[in-house]
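The values are calculated or read from the model by the stated rules, or taken from the named source; none is laboratory data. Since we're looking at a predicted model, the values are computed, not measured. Cβ sites come from the backbone with ideal geometry, for glycine too, and all protein chains shown count toward neighbours. For accessibility, only protein heavy atoms count, side chains too; no ligands or nucleic acids. Shrake-Rupley method; radii C 1.70, N 1.55, O 1.52, S 1.80 Å.
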Amino acid sequence: MEQVVFQGGMEGLTVDQVIRDYEYSMAARHFHDTFELYYLLEGQRYYFIDKQTYLVKAGDVVLIKPNQIHKTSMAGISYHNRILFQISSQMMDPFLKACGMGTMEDVYGENAIIISIPENGQNEISELMFQIEKELKDRPRQYPVGVKLKLAQLLLCLTRHQKKAFFQQEPEKALTWKHQKVHEVADYLLNHPESQESLEELARRFYISKSYLSRIFREVTGFTVNEYKNVNRIKKSQQLLLHSGYSITEISGLLGFENLTYFERVFKKYVDTTPLKYRKTAVRQAL
C-alpha cells in the first residue's frame with residue numbers, strides 16, 4: 001500500500017510526504033542538481049550515499065547535496081513514513097543570505113549529513129515541515145515568503161541539532177555482508193577512477209562471482225558497476241576542468257577513458273554539455 005499524504009511545491013521547491021507498507025526500494029539511479037532533505041517520521045530504511053550504506057531510523061534527517069549518488073531501500077520492515085524536500089539553491093540562497101545564514105552550500109557543508117534528532121526535538125522539526133505543507137496547500141497571500149521563512153527556520157533548527165550532535169556517535173552503517181561488499185567495491189572505484197578493470201576482473205579482486213557482484217551492486221546503489229564508475233569519473237573530471245590546467249585530452253586519459261570521443265559522450269550524457277563548453281562557461285561565470 002502507498003498513501004500520498006502530501007504532494008506540492010512552488011518554483012525552486014518540491015515537497016512530498018508518502019507512507020508505504022510494502023517492499024519498496026528506489027528503483028532508478030538517483031542524483032540531481034537540487035539539495036535534498038529527507039525526514040523519516042516512522043520506520044527505518046537503508047540509505048546508500050556515495051559509497052556507504054547507512055541505517056536510517058525514525059527521527060533521522062538526511063541532507064543530500066546536489067549530484068551525490070543516493071538510494072533508499074527496505075531495512076527489515078516495509079512500513080515507513082517520510083517527508084522529502086527538493087530545494088533549489090537559486091530559490092533559497094538570496095533568502096538565506098538576507099537572514100545571515102550564508103547559502104545552501106554553507107548549511108549542508110562538504111558532504112551528506114545524517115542528523116539523529118532527539119525525541120524532544122522531533123515535534124519541532126515535523127511541525128515546521130507540516131506548516132510548510134500547509135502554506136503550499138492553502139496558498140495564502142504571499143505564501144512563497146511564508147514558505148521560505150519556515151524553510152529557513154527548519155534549516156536553522158537542523159544546523160543547531162547538527163552542532164549538538166558533532167561529538168555524538170556517527171551514523172549507524174549497514175553491517176550486512178551484501179552492503180559491506182558493495183561499500184568495498186564502491187570505495188575502490190571512487191579511489192581508482194582510472195581503473196579499466198572489467199566486471200569479471202573486479203569480481204575476482206573482491207572474491208565474488210561476476211553475476212553476484214552485478215546483482216547486489218545494482219540492488220544497493222541503483223547503478224550498474226560501469227554506470228557508477230562513469231558517474232564518479234565525470235564528477236572527478238568536473239573538478240579537474242574547473243581547478244586544474246590539464247587539457248581535456250589529458251583529463252580523459254587520467255580518468256581511464258578509452259578515448260576522447262568516449263569521454264565526451266559520457267560527459268554529455270550526465271552533464272548535458274561538452275567538457276569544453278563546461279570549462280568555458282565556468283570561466284565566463286568566474287569573470
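Taking every protein chain into account, the accessible area of the stretch 92-168 amounts to 61 square angstrom per residue (probe 1.4 Å). What the Cβ-Cβ distance of Asp16 and Glu250 gives, at R0 = 30 Å and to the nearest 0.05, is a FRET efficiency of 0.10. Loop-resident GluC sites (Glu not before Pro) (DSSP state other than H, G, I, E or B) in the stretch 66-128 with no more than 13 further Cβ atoms inside 10 Å of their Cβ: Glu110.
Using heavy atoms of the protein chains and a probe of 1.4 Å, the accessible area assigned to Glu184 is about 80 Å². Spin-label model, Ser198 to Glu264: label points 7 Å out along the Cα-to-beta-carbon direction sit 2.9 nm apart.
Which percent of Cα-Cα pairs in the stretch 53-158 sits in each 10 Å bin, short to long? Percent of Cα pairs in each bin: 12, 42, 36, 9, 1.
Multiplying the residue separation of Ser211 and Thr103 by 0.36 nm and subtracting their alpha-carbon distance yields 34.5 nm. Heavy-atom accessible area, probed at 1.4 angstrom with all protein chains present, ranks Cys99, Cys157 as Cys99, Cys157, highest first.
Restricting the calculation to Cα atoms, the stretch 38-100 yields a radius of gyration followed by a Dmax of 14.0, 44 Å. Each of Lys137 and Lys280 was given a label point 7 Å from its Cα along the Cα-to-Cβ line. The distance between the two points is 5.0 nm. Label zone (Glu184, point 7 Å along Cα-to-C-beta; backbone nitrogen cut-off 16 Å) within the stretch 208-236: 208-217. The phi-based Karplus calculation (6.51 cos²θ - 1.76 cosθ + 1.60; θ = phi - 60°) puts the 3J(HN,Hα) values of the stretch 36-52 at 9, 10, 10, 10, 9, 7, 9, x, 8, 9, 7, 10, 7, 10, 6, 8, 10 Hz, whole numbers, x for Gly and Pro. Calculated mean residue ellipticity, 222 nm, the chain: -15500 deg cm²/dmol, from DSSP H runs (n ≥ 4) at -39500 (n - 2.57) each, averaged per residue and rounded to 500. Taking the C-alpha atoms only, the angle from helix 225-243 to the longest principal axis of the chain is near 80 degrees.
Taking 0.36 nm per residue of separation and subtracting the Cα-Cα distance, full extension of the segment from Val5 to Thr273 would add 92.7 nm. Computed from the C-beta positions of Thr224 and Phe130, the FRET efficiency with R₀ = 51 Å rounds to 0.85. For Lys137, a cut-off of 18 angstrom between C-alpha atoms picks up these aspartates and glutamates, skipping any fewer than 8 places away in its own chain: Glu11, Asp16, Glu127. For Val56, the solvent-accessible surface computed with a 1.4 Å probe is close to 0 Å², ligands and nucleic acids excluded. With the whole protein complex present, Asp187 retains an accessible surface near 40 Å², based on a 1.4 Å probe. When only alpha carbons of the stretch 115-267 are considered, Rg and Dmax amount to 22.2, 62 Å. Normalised by 2.2 N^0.38 Å, where N is the number of residues, the C-alpha radius of gyration of the chain stands at 1.08.
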